[in-house]
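Let me begin by presenting the structure, written as structure tokens, before commenting on it.
No lab work stands behind these numbers, since they all come straight from the coordinates. Quantities reported herein were computed from a predicted structural model and do not represent experimental measurements. Here the Cβ positions follow ideal geometry from the backbone for every residue, glycine too, while neighbour counts run over all protein chains shown.
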Amino acid sequence: MRRRRGTRRRLIAGRLRAAGGAGGALQFAARDRGARDARSRHRRAYRALVAAVLWLAAASGAALGGAGCRGGAGAPAPPGFPPGAQVLHLAVQDDVPTLDPAAGYDTASWTFEQMIFDTLVRYSDGGVDLVPEIATRWDESPDARVFTFHLRRDARFTNGRAVTAADFKYEIERVLNPATRSKGMEYFREMTGAAEFQAGHAREVGGIATPDPWTIVFRLDGPDPIFVQKLAMPFAAAVPHEVVERWGEDFSSHVIGSGPFKLAQWIGGQRLVLVKNPDYFIKGVPRLDAVVEEIGASDDLQWLKFEAGAIDVSRIPSAEFLYVMKTPNLRALTLHIVDIATEYLGMNCGMKPFDDVRVRRAFNYAIDKHKIIALLNGRGVVAEGVLPPGLPGFNPNLKGYPYDPARARLLLEEAGVGKDFSPTLWMRADRTEMMIGQSIQQDLALVGVQVELKPVAWAPLLEAIRQPDTVALVDLGWEADFSDPQNFLEVLFSRKQWGGNNDTFYYNPEVDKLLAEAAPLTDRARRYALYNRAEELVVADAPWVFLYNPVAYMIRQPWVNGYVLNPMRPTRLEQVWLSPHGRGRD
Amino acid sequence: MTRRLNAMELVGAVMVVSLVLTALFAPRLAPHDPTRAVAPTYGDPGRPSAAFPLGTDELGRDVLSRIIWGARVSLIVGLAAMVITMTIGVAIGLVAGFFGGAADFALMRFTDVMLTLPALLLAMAFVAVLHPSLLNVLLVIGLVSWTQIARVVRAETLSMAERDFVTAARALGGSPARLIAFHVLPNVMPIIVVMAVLGTSGTLLLDAGLSFLSLGVPPPTPSWGRMIEEALIYFRTAPWLIAFPGLAIFYAVLAFNLLGYGYLRARGGRAGR
């Protein structure tokens with residue numbers, strides 16, 4: 001299972017990769033580097049020109065009454081809304097890949113899937129904890145192998161049918177079915193009977209039982225303390241089998257769910273409109289009447305539209321970020337959140353001279369992380385270790401490496417690293433990466449190491465880091481799929497991930513032992529204590545230069561209320577509402 | 001050959017000389033190391049001030065020093081690429097024009113094909129495949145810019161090859177190589193000089209373009225095109241960061257164009273006659 005560079009999470013170019021028992025985790029290059037790649041180099045080249053043209057377009061659009069820039073000539077008109085309706089306007093660059101929860105595995109798809117569909121549990125707003133959605137409560141066996149969910153009885157699909165346990169079972173079996181080719185398959189493979197089902201030896205997954213319509217029981221082959229988090233992925237949403245069977249592959253365009261919104265219009269490459277589900281099981285939710293997302297608007301166009309008041313929430317293009325932060329009334333409209341992610345400089349422990357821990361520590365002392373944060377205009381916090389703050393199990397007492405070039409020089413001398421040492425730093429070809437790369441290059445030059453920067457496209461970069469003895473230095477990042485330390489430590493530092501996600505080819509038998517011991521534990525205190533011990537060992541061994549935890553920024557109009565950035569998922573829109581007299585548009 | 005330079009030539013020559021001197025004496029002229037941070041203006045470029053007349057960039061480096069060192073890279077690339085361009089262009093033009101027939105047809109159709117490909121696009125493709133480095137960049141620029149020169153030199157050679165003095169030399173038993181080297185080339189030289197000077201501004205621009213697209217000389221070596229590219233993020237808050245390297249490119253291109261056109265004008269509008 002792997003994901004290419006789309007954006008599963010807001011603004012992040014990343015992908016999910018096979019992660020054994022630990023489930024997936026998202027490898028990403030950096031915040032604010034959305035779905036761009038080599039292509040973007042060209043785009044950059046005439047960005048200034050495009051911006052100028054767009055200004056003219058936006059200005060003339062505004063002159064024609066403000067609505068002029070929505071909808072192309074000849075396109076079907078957007079559904080009309082009565083005056084005063086609560087309509088949230090958004091704009092994105094790329095079309096939403098899919099609305100089918102079995103297929104979507106990127107930010108854009110998940111944003112809308114979680115509006116249309118319901119899962120048993122979901123992450124709390126702004127948090128990393130699970131809260132009930134369709135489930136009213138759930139029980140976990142002490143060995144973390146049996147999970148029983150009790151469902152609410154008032155949830156209905158928008159076609160009128162009640163949501164039952166069978167609908168969840170149906171969707172998970174659909175995801176597991178090889179014919180569906182779902183990227184979510186690996187998350188449910190450890191269910192009892194999943195292998196037989198996938199091989200075609202069983203008609204259903206034996207490990208999923210529905211003793212009555214309002215109860216569902218999952219049995220696993222082995223303990224998995226983070227299993228419930230997997231059920232919070234849209235892959236495990238309730239879908240009506242009769243609708244899926246009717247439309248087949250086309251289900252994505254005719255989705256029916258039980259969520260707070262339902263699909264009203266989706267014109268590929270142009271517009272996606274969701275309207276309120278009046279029968280949603282929570283009264284008074286959603287507060288919006290509709291969400292209109294305009295597709296095909298570049299970052300710059302989105303920004304111009306935002307400034308013109310034509311859209312309600314926007315990303316902040318990097319060229320505008322400093323301007324926004326220096327303009328008090330714009331700055332007041334920004335929202336930010338520290339991602340459950342860590343940016344690092346990986347050093348290949350199998351390659352000389354990085355097999356010497358003194359060299360790796362020297363690099364940690366030599367690189368000025370505060371400078372990098374300043375370069376990012378504050379879109380990051382200094383990382384002391386592997387786990388990002390906000391992740392359960394984060395150790396606030398962990399001390400990493402301070403900036404100390406004198407000590408770095410001393411360590412390099414001790415290790416006998418001479419002047420001819422000139423490692424190559426691999427990185428994504430991207431403006432922000434290059435800036436950070438140059439900063440690292442400057443810092444290391446001060447301690448006598450001349451680094452050569454090697455910007456490469458995303459796919460070849462990911463290919464290269466899997467090869468042993470190829471990449472000595474690499475600038476990468478990792479983002480959590482699940483809020484658990486296992487999702488970082490086991491996935492990135494265990495021996496069995498060599499050639500997989502352990503891109504520094506790090507191996508410490510003691511760390512591996514701790515990881516194996518911690519994995520099945522359900523007692524959080526004991527679990528986190530073991531992971532913290534493992535993290536301390538990793539920090540001491542320093543296979544990474546622990547750089548920073550990225551901070552994501554968004555901006556919303558003053559009339560937008562209840563817009564909350566979430567660390568684990570795209571923002572949920574059902575609690576969003578608009579101040580009635582705030583906007584000058586409708 | 002002694003004649004007074006006209007105003008255009010004079011200004012152009014002074015500007016070119018100033019560029020060359022800047023490039024030669026960059027280590028002496030630049031107040032700071034262009035690759036090191038000299039002010040803590042990380043992420044928020046510093047305004048021009050007494051200490052840093054052109055400000056400091058997002059990595060705390062002195063913009064003036066970077067522009068001065070950038071002149072070195074630009075001139076090396078511009079001039080070296082021009083030498084390659086001239087060598088290829090003149091050789092193809094002379095051979096095609098002098099021998100005519102099948103050689104002319106083959107070489108000129110090849111030139112036409114090359115002309116249809118936009119130089120920047122071709123250079124981008126080459127550099128992307130090769131590894132961006134000083135040598136590769138100037139080689140690539142040289143390899144994509146020779147077409148116009150080949151055509152002009154061929155046209156001049158064609159007319160020269162039929163002149164009486166060439167026929168006379170041939171009658172005296174001169175070998176083709178000798179005829180080209182001692183009779184045709186000296187007479188085509190003026191236009192070659194003009195094309196070389198004007199072409200240098202073209203190669204400078206191409207270099208800036210490649211750098212702008214992150215395909216130029218890799219960092220930390222300062223280059224004007226990359227400086228503009230890196231400054232784009234700060235367009236709203238630090239426009240001078242784009243303006244100064246932009247002016248440097250403008251100055252260099254103007255210098256070579258003034259010199260070239262001034263020389264052209266001095267020779268009566270049409271070079272080579």
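Of note:
- Trypsin sites (Lys or Arg not before Pro) lying in DSSP loop within the stretch A:407-443, provided at most 14 other Cβ fall within 10 Å: A:LYS419
- Only DSSP H runs of four or more residues enter the estimate; each adds -39500 (n - 2.57), and after division by the residues of chain A the mean residue ellipticity at 222 nm equals -8500 deg cm²/dmol.
- Candidates B:PRO45, B:PRO176, B:PRO132, ranked by Gaussian network fluctuation over chain B, Cα under 10 Å, top entry: B:PRO176
- Among A:TYR506, A:VAL560, A:TRP544 the positive-end extreme of the charge dipole of the stretch A:493-586 (Cβ point charges): A:VAL560
- Here the relative contact order of the stretch B:218-263, from alpha carbon pairs under 8 Å that lie six or more residues apart, stands at 31 percent.
- Full-extension gain in nm, B:PHE110 to B:ALA91, via 0.36 nm per residue minus C-alpha separation: 5.5 nm
- Sites A:TRP498 and B:ASN6 - FRET efficiency at Förster radius 51 Å, r taken between beta-carbons, to 0.05: 0.10
- Projecting the Cα atoms of A:VAL244, B:GLY43, A:ASN159 onto the charge dipole of the protein assembly as shown, computed from C-beta unit charges around the Cα centre, puts B:GLY43 farthest toward the positive end.
- Loop-located trypsin sites (Lys or Arg not before Pro) across the stretch A:168-253 with a Cβ neighbour count of 11 or fewer within 10 Å are A:ARG181, A:ARG203, with loop assigned by DSSP.
- Equivalent ellipsoid, chain A (semi-axes from 5 times Cα gyration tensor eigenvalues, Å): 39, 33, 19
- Semi-axis lengths, Å, the stretch A:484-546, gyration tensor of Cα atoms, sqrt of 5 times eigenvalues: 19, 12, 10
- Karplus (6.51, -1.76, 1.60) ³J(HN,Hα), θ = phi - 60°, over the stretch A:321-326, in Hz, Gly and Pro reported as x: 4, 5, 4, 4, 5, 8
- Listed residues B:LEU139, B:LEU213, B:ALA196: farthest to the positive end of the dipole of chain B (Cβ charges): B:ALA196
- Neighbour net charge for B:ALA168 - beta-carbon separation under 14 angstrom, K R +1, D E -1: +1
- Long-range tail of P(r) for the stretch B:112-171 (Cα pairs > 14 Å, %): 65 percent
- Peptide B:228-238 has a mean shielding of 6, counted as Cβ atoms of other protein chains within 10 Å of each residue's Cβ.
- Sum of -39500 (n - 2.57) over DSSP H runs of 4+, divided by residues of chain B (222 nm, nearest 500): -22500 deg cm²/dmol
- Mean projection area, nm², convex hull over Cα of the stretch B:205-273: 5.9 nm²
- If you look at the Cα atoms of the stretch A:236-355, you get an Rg and a Dmax of 21.4, 64 Å.
- Taking the Cα centre of the stretch A:445-489 as origin and assigning +1 to Lys and Arg Cβ atoms and -1 to Asp and Glu Cβ atoms, the resulting dipole is close to 180 debye.
- D (Stokes-Einstein, µm²/s), Kirkwood Cα radius, the stretch A:325-408, 0.692 mPa s at 37 °C: 218 µm²/s
- Note that the stretch A:68-208 shows a convex hull volume over its alpha carbon atoms of 187 Å³ per residue.
- Inter-probe distance in nm under a simple model that places probes 7 Å from Cα toward Cβ, at A:ASP420 and A:ASP129: 6.0 nm
- For the stretch B:55-168, size of Cβ-based charge dipole, Lys and Arg +1, Asp and Glu -1, in debye: 120 debye
- Charge dipole (debye, nearest 20) of the stretch B:157-246; +1 at Cβ of Lys and Arg, -1 at Cβ of Asp and Glu: 160 debye
- Separation between Cα centres of the stretch A:321-340 and the stretch A:246-311, rounded to whole Å: 26 Å
- Calculated P(r) of chain B - Cα pairs past 32 Å, %: 34 percent
- Pairs of Cα atoms in the stretch B:1-99 fall into 5 Å distance bins, from 0 up to the last occupied one, in shares of 3, 12, 13, 13, 13, 13, 11, 7, 6, 4, 3, 1, 0 percent.
- For the stretch A:180-304, a Kirkwood hydrodynamic radius built from all Cα pairs, placed in the Stokes-Einstein relation at 37 °C and 0.692 mPa s, yields a translational diffusion coefficient of 184 µm²/s.
- For the stretch A:88-127, the pair-distance distribution built from all alpha carbon pairs, in bins 10 Å wide starting at 0, is 26, 52, 22, 0 percent.
- Using θ = phi - 60° and Karplus 6.51 cos²θ - 1.76 cosθ + 1.60, couplings along the stretch A:152-162 (whole Hz; Gly, Pro as x): 6, 9, 9, 7, 10, 5, 6, 8, x, 7, 6
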